[in-house]
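*Asks:* Before we start, here is the structure in question, set down as structure tokens.
The values are calculated or read from the model by the stated rules, or taken from the named source; none is laboratory data. Quick caveat: nothing in here was measured; it's all calculated off a predicted structure. Note that each Cβ is placed from the backbone with ideal geometry, even for glycine, and that neighbours are counted across all protein chains shown.
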Amino acid sequence: MSLEPSLLNDDEVLYVNAGRVLMPNATFKVSEFLDALAQLISENEPEWSEDCEGWFLDGLPCEVLRFNNQGWQRGRVRLRLEFTPQQQKLLKESPRRPQRDDRPRETYAPREDIREDIYARDDVYYRGIDEDY
């Protein structure tokens, strides 16, 4: 279920990874997108003039026939982006992890103790190692 849409301000930042048009980067300001759209339209519309900039600025004077009103209503129209947030999914509470054991960890013997253990072995391989060092 979606929540109500709201208009985005020019300085708000979007991240659009898939289906992106006009923008080389996935992250951009709303104003950057509207500027790129205005530039594209102006380059491809033979009748483009300064008056047409109103679509992206304060709007153009117009009349609209809306379903909820009787007759035509005068006003201004302009292009904006809207954002419709998704309903937040509640995560199930996961069982608590056991706390870390506060017991001291096993300590390791210093190197000298290890060497003594190794050299104390009664193996043919280990005999005479002390003499080499």
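*Asks:* Considering only residues that are of a type in the set (F, W, Y) and under 22 Å from N9 (Cβ atoms), look in region 51-75 and name the one that is surrounded by the fewest Cβ atoms within 10 Å (Cβ to Cβ).
*Replies:* Here the residue is W55.
*Asks:* Can you find a residue that is charged (D, E, K, R), free of Cβ contacts under 8 Å to residues at least 40 places away in the same chain, surrounded by 11 or more Cβ atoms within 10 Å (Cβ to Cβ) and assigned to a helix (DSSP H, G or I) anywhere in region 37-50?
*Replies:* The answer is no, given that none of the residues of region 37-50 is charged (D, E, K, R), free of Cβ contacts under 8 Å to residues at least 40 places away in the same chain, surrounded by 11 or more Cβ atoms within 10 Å (Cβ to Cβ) and assigned to a helix (DSSP H, G or I).
*Asks:* Can you give me the number of residues within region 57-108 that are modelled with pLDDT under 85, of a type in the set (S, T, Y) and under 28 Å from the mean Cα position of the chain (by Cα)?
*Replies:* So the count comes out to 1.
*Asks:* Give region 56-85 a look and list any residue that's within 18 Å of S6 (Cβ to Cβ) and of a type in the set (D, E, K, R), or say none.
*Replies:* R78, R80, E82
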